[in-house]
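Below: the structure, in structure tokens.
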Amino acid sequence: MATLSDIGVAAGINLLSAFVFLLAFAILRLQPFNDRVYFPKWYLKGLRSSPSRSGTFVKKFVNLDFRSYLRFLNWMPEALKMPELELIDHAGLDSAVYLRIYLIGLKIFVPITFLAWAVLVPVNYTNKTLELQLKNVTSSDIDKLSISNVPDGSDRFWTHIVMAYAFTFWTCYVLLKEYEKVANMRLQFLVSEKRRPDQFTVLVRNVPPDSDESVSETVEHFFLVNHPDTYLTHQVVCNANKLVKLVKKRKSKQNWLDYYQLKYSRNNAKRPIMKTGFLGLWGEKVDAIDHHITEIEKLSNEIAEERERVLKDPKSIMPAAFVSFKSRWGAAVCAQTQQSRNPTLWLTDWAPEPRDVYWQNLSIPYVSIAVRRLIIAVAFFFLTFFFMIPIASVQALATIEGLEKAAPFLKALIEIPFIKSVIQGFLPGIVLKLFLIFLPTILMIMSKFEGFTSISSLERRSATRYYLFNLVNVFLGSVIAGSALDQLNTFIKQSANEIPKTIGVAVPMRATFFITYIMVDGWAGIAAEILMLKPLIIYHLKNTFLVKTEKDREEAMNPGSLSFNVGEPRIQLYFLLGMVYATVTPVLLPFIVVFFGLAYVVFRHQIINVYNQEYESAAAFWPDVHGRIIIALLVSHVALIGLLSTKHLAQAAPLLITLAVVTIWFYRFCKARYEPAFVRYPLQEAVMKDTLERARDSNFNLKPYLQNAYIHPVFKEEDDDEEEEVIKLENESVLVPTKRQSRRNTPVPSKMSGASSQSLPEAVPEHSVP
């Protein structure tokens with residue numbers, strides 16, 4: 001069991017690690033040849049150029065201004081200077097609101113920490129329960145600062161109950177103000193935002209098949225009839241997944257060709273040779289440049305053939321389309337209403353912005369999505385609960401007892417005080433961190449299989465699963481399995497009616513494990529985030545072997561974007577730990593406050609200088625953030641109820657149950673009051689925005705702006721002539737009357753890409769259905 005000295009050693013190691021990472025970052029960011037790694041966002045915006053230094057050759061690569069090294073922490077105040085409104089304009093609302101998650105952590109836990117240390121720590125520490133009553137249960141110095149040190153039935157527990165109420169009410173107050181603030185920020189952002197294609201466009205899925213008309217004709221006919229005054233244009237969805245794979249393969253071959261050509265240009269004496277087998281390890285030896293030129297030509301021919309097939313084969317057209325309207329009001333009406341008497345047909349939803357579309361999943365038949373999600377739900381259930389077995393097993397080995405049992409020959413080394421402190425205060429957190437490395441990738445693959453059509457929805461679903469996994473495995477698994485295994489010998493030797501008491505005392509004893517995890521994952525992990533060691537290495541490798549043009553250099557320094565599906569669940573774990581242990585083991589709270597403070601500064605710097613926004617969802621993820629903090633509150637209530645029930649204070653249960661009910665009521669109130677702003681677009685706002693835009697730019701032609709917005713990106717890489725052919729998917733622009741005799745004709749010009757739609761004439765031809 002870790003002692004205060006062990007935790008102190010671990011804290012020292014992690015603080016030292018964090019300081020080393022920050023110092024390395026401060027030095028590396030000052031070097032001219034690393035400028036594109038640590039400030040890529042400004043390069044991509046065209047607001048920064050490579051630093052030019054006159055003088056010696058060394059100065060072009062190394063910063064010899066030693067005074068700049070004395071200000072190695074000046075990036076911190078610089079990161080805090082940019083006002084929030086400027087930050088929104090610079091990085092988008094998603095990034096600004098993401099930072100508010102760290103800020104809300106500080107708003108909640110800084111006051112709670114001061115109050116808990118001022119009230120609860122003295123109440124807990126001035127008892128001798130663990131020393132006198134439970135000598136047979138393993139405990140540590142930290143446990144003496146926890147609720148476990150309060151004797152059974154003591155009136156001191158009422159202090160913990162009062163603090164639980166105070167912490168809950170303060171958290172709810174902060175959440176209420178933040179929800180209101182973010183909802184207003186979202187509405188203001190949508191009102192003030194510039195014109196975007198997704199504001200006028202709806203994604204229509206499950207278009208019913210028609211033997212007489214193509215998908216494009218069916219879509220056009222339906223919307224000309226049912227939205228005659230607002231429909232403008234549409235773009236059908238095609239299955240270009242195979243074409244995308246071929247294009248990616250050709251790009252990979254091109255990169256290798258660039259590498260070998262650069263290599264040859266630096267040494268003309270010898271042509272580069274390669275083997276054609278697996279990973280170049282075996283196979284026939286060939287000229288590398290000629291081989292890749294041949295492969296690229298072959299792939300180019302395959303791409304041309306596949307592109308022609310996609311354009312002409314009706315089977316490549318999916319029963320889905322992006323439908324654009326003349327106004328935001330028209331799009332809002334369509335996106336937020338049922339289009340058909342059959343609720344499973346003509347399903348409409350707001351289209352993601354073009355950058356946010358996950359094109360591969362648009363080719364998935366809508367009818368198969370329910371089956372896919374059921375399969376993934378079952379798979380996730382087994383992944384979550386079976387993953388607990390290796391985690392518990394390896395964590396058992398990451399203890400002093402586990403290591404001595406598995407490797408008796410290391411006992412002498414392990415018993416050295418410093419080594420023992422490192423193992424108890426550092427190793428368990430590292431082991432858990434290593435086990436979770438590949439989890440986000442696995443969960444993202446599962447989300448993609450489910451068929452979500454936007455990157456933002458994929459990340460939100462993956463984040464939800466990651467949070468549930470952390471809740472079950474990292475929190476409940478570590479508390480229940482860890483505590484129970486630690487006290488297993490005691491359970492066997494004592495009477496059955498003493499077991500609940502032992503469990504009640506043992507649960508808060510896992511605080512030492514979570515403190516080490518916070519230091520490893522939070523402190524050192526956040527410091528490693530800003531060092532960006534992996535992007536640094538990749539950039540210099542690409543810049544050395546692949547970069548030939550400025551465009552190549554921009555691709556090499558591409559920093560990526562915030563990984564919401566990884567970062568947000570990690571933040572929520574700290575909210576959960578803070579809420580649960582605030583009344584149980586307050587000593588954990590300062591570690592959480594340090595994490596939120598450091599993370600806020602680091603990610604503010606990264607968002608301003610590094611990460612490039614991949615999409616903009618206008619903070620659509622905030623209801624998930626709010627809901628998970630509420631779950632953390634409820635888990636803390638349940639944990640406290642269970643703990644006090646072992647302390648002979650059953651009369652406290654009704655009060656804590658009441659607190660949980662009030663928390664649930666608060667969640668439902670916020671959901672009803674603020675969540676609609678995140679799932680629906682008010683028609684009043686749409687009309688206001690349309691009116692203002694028409695007044696400012698009455699001559700703007702919306703149709704050309706929207707006509708090509710949702711063409712598959714793989715076609716946009718082709719030349720202009722080919723792109724024009726894509727716009728004409730399936731047919732040329734001609735008058736197309738409906739081919740069905742049982743339904744109304746389309747009495748206006750019909751074009752594949754959507755001609756300018758007119759209102760239906762008052763007189764309907766006689767042969768049409770009235």
Can you list the GluC sites (Glu not before Pro) in region 253-316 that are in a DSSP coil and have 14 or fewer other beta carbons within 10 angstrom? GLU284
Whole Å is fine, so just give me how far the alpha carbon centre of region 337-352 lies from that of region 560-629. 35 Å
At 0.36 nm per residue, and after removing the present C-alpha to C-alpha distance, how many nm does the segment from ILE293 to ARG195 gain when stretched out fully? 31.0 nm
Could you look at region 546-664 and say what percent of its accessible area is carbon and sulfur, using a 1.4 Å probe and all protein chains? 64 percent
Taking a crude spin-label model, label points 7 Å out from Cα along the C-beta direction, the LYS312 to MET82 distance in nm is 5.0 nm
For TRP158 and HIS90, calculate 0.36 nm times their separation in residues minus their Cα-Cα distance, and state this gained length in nm to one decimal. 19.5 nm
Pop a pseudo-label 7 angstrom from the Cα along the beta-carbon direction at both LEU655 and ALA304 and give the gap in nm to one decimal. 8.2 nm
Counting all C-alpha pairs of region 205-352, share separated by more than 24 Å (%): 54 percent
Taking region 205-352, how many lysine pairs are there with alpha carbons less than 20 Å apart, if each pair must be eight or more places apart or span two chains? 25
Starting from the Cα of GLN613, step 7 Å toward the Cβ, then list every residue of region 344-367 with an amide N under 16 Å from that point. 352-357
For region 205-352, with all protein chains present and a 1.4 Å probe, just round the carbon and sulfur fraction of the accessible area to a whole percent. 53 percent
Given TRP346, ALA335, SER300, which one lies farthest toward the positive end of the charge dipole of region 205-352, if we put +1 on the Cβ of every Lys and Arg and -1 on the Cβ of every Asp and Glu? SER300
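Can you compute the FRET efficiency between SER363 and LEU187 using 1/(1 + (r/R0)^6), with r the Cβ-Cβ distance and R0 = 41 Å? Round to the nearest 0.05.
E between SER363 and LEU187, to the nearest 0.05, is 0.75.
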One finds, for GLU675 and VAL110 with R0 = 35 angstrom and r their Cβ-Cβ distance, a FRET efficiency to the nearest 0.05 of 0.80
Quick one: accessible area per residue over region 205-352, 1.4 Å probe, rounded to a whole number of Å²? 51 Å²
Between TRP170 and ILE430, how many nm apart are label points set 7 Å from Cα along the C-beta direction? 3.6 nm
I'd like the trypsin sites (Lys or Arg not before Pro) in region 253-294 restricted to DSSP loop residues with at most 16 other Cβ atoms within 10 Å, sorted by number. LYS270
What trypsin sites (Lys or Arg not before Pro) in region 540-644 are in a loop by DSSP, with at most 14 other Cβ atoms within 10 Å of the Cβ? LYS548
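The values are calculated or read from the model by the stated rules, or taken from the named source; none is laboratory data. Values in this document were obtained by computation on a predicted structure and should not be read as measured data. Don't worry about glycine lacking a Cβ; one is built from the backbone with ideal geometry, like all the others, and counts go over all protein chains shown. Surface areas here come from the heavy atoms of the whole protein model, side chains and all, with no ligands, DNA or RNA. Shrake-Rupley method; radii C 1.70, N 1.55, O 1.52, S 1.80 Å.
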